[in-house]
Structure formats: structure tokens, C-alpha cells
1. Just the projected area, averaged over all directions, of the convex hull on the alpha carbon atoms of the range 27-86: how many nm²?
2. Output the relative contact order of the chain, whole-number percent, from Cα pairs under 8 angstrom with separation of 6+ residues.
3. Per residue, how much accessible area does the chain have with a 1.4 Å probe, in Å²?
4. Calculate what fraction, in whole %, of the accessible area of the range 1-151 sits on carbon and sulfur atoms when a 1.4 Å probe is rolled over the protein chains.
5. If I fit a long axis through the Cα atoms of helix 28-49 and take the longest principal axis of the Cα atoms of the chain, what angle between them do I get, 0 to 90°, rounded to 10?
6. Which order, highest average first, do 123-136, 97-110, 44-57 follow once you tally other Cβ atoms within 10 Å for each residue and take the mean per peptide?
7. Using protein chains only and a probe of 1.4 angstrom, how many square angstrom of LEU185 are accessible, to the nearest 10?
8. Once you have the Cα-Cα distance between ASN78 and THR44, take 0.36 nm times their residue separation minus that, and quote the gain in nm to one decimal.
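The values are calculated or read from the model by the stated rules, or taken from the named source; none is laboratory data. Bear in mind that the values here come from a model prediction, so they are computed numbers and not experimental data. Cβ placement follows ideal geometry from the backbone for every residue including glycine, while neighbour counts extend to all protein chains displayed. Each accessible area value is taken on the protein alone, full model and side chains, heavy atoms only, with ligands, DNA and RNA left out. Shrake-Rupley method; radii C 1.70, N 1.55, O 1.52, S 1.80 Å.
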Amino acid sequence: EVKGLSEKIVKADTAIWSMNFEIKSNNIDTLYSDIEKNITTIKTFLKEKGFEDSEINVAPVNIYQDTYKDALYRYNSNNQLSVYTKKVDLAKAASNETLMLVKKGVVLNQNSISFEFSDLNSIKPEMLAEAIKNARETAGQFADNSGSSVGSIARGNQGVFDITEKDPGSPEYKKIRVVSTLRFLLK
């Protein structure tokens, strides 16, 4: 029984960019207009960067009413927008330019982007073939050392495909790894 490894670096095919902002006010009408203004400003920024309306999502507004008598603000809102896109390079570049939003009066309290690789099936056969080849080579070393030869596979376990970031500086690149376990018959 031997293990075979296959590793591959791939570029993500999907970007999920999340942005949050808070608005606080003592007047509900001012709160509403400030939320609308920020959402419009962010959407305009995203469209100018090349994103489509269908890629931009606005979550329902979450408003907390503070009834404590000494509260600084009576109404506190937490607002979220996201971009779900296949334009990975555009998302990475645009996410680094959000300082422009501050100049337009929008302060993001959370601005993060995650990258995903969703087409595992396209590289799975190639990676499994490499893992099996590597396992067969290892089995061949066992066989040579024992004066035997490698026969057919008696049992195999594909293993789990693990997808991680290649490194912190380039999260749009993913390292995909699989370790397959194979049992070969020796002759």
C-alpha cells in the first residue's frame, strides 16, 4: 500500500468581494438618504470599474434602534454590498482602489475579497493520473528492493482534494493537492 501525491497551482475563476458600511443618525429620514447615497456611490464606483448590475448585490439593510436615553445615535445601520464575478483580475485591481470611495464620503468598515476555484472536475483526471503514476513509482521501488515486480491495483482510494491559497500575497492563485492511496499486488 503506497501513497501518490499530485499538486497543481491554478488561478481562481470566481471572486467574491464584500463591502460593509455603517450609517448612524438621530433622524430616520437622514439615515435613509445617507444609506441610499452610499449605496448609489458604491454601485457607481463598481460600474465605472467594469462590473455589471447582475454582479452587484445589495443585502437587506440591518437597522438597530438604540433607545438608551444617553445614546449618541438613535438609529444605527449596518449595510452590505457584494460583487460575485468571474472577472478575477478586475476584482483584485478594483478592490485596491476603494480609497476613492472615502473621497466621495463612503467609509467602508469592512472590505474583503475571497477567491475560489470552482472547476475542479476539469483538472481532476489529470491530477489523479499523476497521483497514481507517483504511487506506482513508489510501489516499483518496494518491488525492486524485494526482488518482485508491480502487478495490478488491488484497491485504491482517490483521496481528498485540498484547495488552499498558494501564498498570502496572491490569494487569487490556489494550490490544489490530492494524496491517493493505492494497494498494488506484487509478483
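1. Taking a quarter of the hull surface, the average projection is 4.7 nm².
2. 37
3. Spelled out: the 1.4 Å probe surface of the chain, per residue, equals 60 Å².
4. Exposed carbon and sulfur together represent 50 percent of the surface.
5. Helix 28-49 sits at roughly 50 degrees to that axis.
6. 123-136, 44-57, 97-110
7. 90
8. 10.3 nm
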